[in-house]
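Undergrad: I am attaching a structure below and will ask some questions about it afterwards.
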Amino acid sequence: MGWKAAQQVFKHWRILRGDTVMIMGGKDKGQTGKVQQVLRSKNKVYIEGKNLVKKHIKGRGENPGGIVTMESPIHVSKLQHIDPVTSSPVRVIFRYLADGSKVRVTTGGTSSGSVIPRPDILKERRTLLPVKPGTKDTLKEHVLERTFDPTTGEGGLPSFMSS
């Protein structure tokens, strides 16, 4: 086995989850699909229903095992965005609008120069899931309870700790 050089991770990602892209190389060359997952540490993405491979799964317990068809990641360099106006593969650059917001704009020979909007699926991720306090979590009212009076120098244990 030979030595493999460390992979350089891209700093500025133009492809986001939910974007429509065209595959420019490999067995699915020329096909379009939607980005399902982005692996930034490996410079790869998963595309829905593309780059399918067969994997042999060993049977364990209730799982019978067998041969499963699943998606495999594709390197980002083999993908290009689809222009929302002309539906052709284009390159993407960043520009700033008059209001100061940063947007992705199509560029190249067949591009329309239009703005590629952020996918709606990214907005769903920003909402936080409700958290239920566990047995080792401190409740908010116990954290905010005042237990020491700096003017008199008196203080003691919080009410929930004293028996």
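The values are calculated or read from the model by the stated rules, or taken from the named source; none is laboratory data. These numbers were taken from a predicted model, which means no experiment stands behind them. For neighbour counting, all protein chains shown are included, and Cβ atoms are generated from backbone atoms with ideal geometry for every residue, glycine included. Quick note on the areas: whole protein, heavy atoms, side chains included, nothing else; ligands and nucleic acids left out. Shrake-Rupley method; radii C 1.70, N 1.55, O 1.52, S 1.80 Å.
Undergrad: So, restricting to strands (runs of 3 or more DSSP E) that lie completely within segment 6-60, which ones have at least 2 residues that are open to solvent by 90 Å² or more (accessible area, probe 1.4 Å)? Explain how you work it out, then say what you get.
TA: On the way: elements: 20-23, 32-39, 44-47, 52-57.
Answer list for segment 6-60: 52-57.
Undergrad: Looking at (1) open to solvent by 80 Å² or more (accessible area, probe 1.4 Å); (2) closer than 23 Å to residue 11 by Cβ, find the lone condition where residue 64 falls short.
TA: Among (1) open to solvent by 80 Å² or more (accessible area, probe 1.4 Å); (2) closer than 23 Å to residue 11 by Cβ, residue 64 violates only (2).
Each row is one residue, and each column tells you yes or no for (1) within 15 Å of residue 20 (Cβ to Cβ); (2) open to solvent by 70 Å² or more (accessible area, probe 1.4 Å); (3) part of a loop (DSSP other than H, G, I, E, B); (4) not hydrophobic (A, V, I, L, M, F, W, C).
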residue: 84; (1), (2), (3), (4): yes, yes, yes, yes
residue: 93; (1), (2), (3), (4): no, no, no, no
residue: 100; (1), (2), (3), (4): no, no, yes, yes
residue: 103; (1), (2), (3), (4): no, no, no, no
residue: 111; (1), (2), (3), (4): yes, no, yes, yes
residue: 133; (1), (2), (3), (4): no, yes, yes, yes
residue: 142; (1), (2), (3), (4): no, no, no, yes
residue: 146; (1), (2), (3), (4): no, yes, yes, yes
